[in-house]
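Bear in mind that the values in this text are calculations on the coordinates, not laboratory data. Fair warning: this is a prediction, and the values are worked out from it, not measured in the lab. Note: ideal-geometry Cβ built from the backbone for every residue, glycine included; neighbour counts use all protein chains shown.
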Amino acid sequence: MEVIEVEQFLRNPPPGFTVEAGYGFVKSDPENCCVFIDDFELSRGGKVVFQHSQGKKITVRNLGDYTRFRKNLTSKKIYILVSACESTPSSTDNKAPKNRRVLQQYVVSIDGRNPLIKWEIERGLDRTISSVAGESYRVDIDLCDALRGWEGESFCLLGNREKVTPVWKDTCFTLKYYSDALFDFPHWLGFSKRHFKEGDGWAIARVSTLGRRKEMVGP
């Protein structure tokens, strides 16, 4: 896993990416990059658009679409945009409410080709399908635990007046599968949502952030 400040990513894009029009338009290689980033505004102003991005919510309607999506996840590098948000000293909630101020945005990439990550993704998708066969369903692939795992106790960002340990927001992307079944009552009643988390302490992480590089090796 790599975590790169968005400004650093735009100034010096990694292999497979080129940036044009004053950081406004980011081209990616669809043969090697699987991008799940919605259009967004930089803190200093200006809109950023990723070409070939599928966005954070992907909808598939048949087995062929699902198979192609699954192959993309496990044969390419996956990129998402996450936000480190301001927290309050009295808060014990690890979740980041929408109204919390964003301190810094990062592009996170994981290598879906890595045998451990590929196995974890395939296992999560297999469990989801087997538990909701014939139904519509939703899967959130979440990197929040992995981000909290590498940040450590010393990681902090500058808040309003002091350094704070941030909470993470927008750390997942979502697959939605819509069944052709007309009377899919479990889906409409909200019973067929399944979630699994990627990065449970076992991943090998290579992190580049704030000009530093950090290594994490799981069990």
Inter-label distance, nm, simple model (7 Å from Cα along the C-beta direction), residue 162/residue 57: 3.9
Residues residue 116 and residue 72, FRET efficiency given R0 of 22 Å [Cβ-Cβ distance, rounded to 0.05]: 0.75
Full-extension gain in nm, residue 32 to residue 47, via 0.36 nm per residue minus C-alpha separation: 3.0 nm
Most to least packed among 135-143, 3-11, 43-51 [average Cβ atoms within 10 Å]: 135-143, 3-11, 43-51
Extended-chain gain in nm, criterion 0.36 nm per residue less alpha-carbon gap, residue 8 and residue 178: 57.4 nm
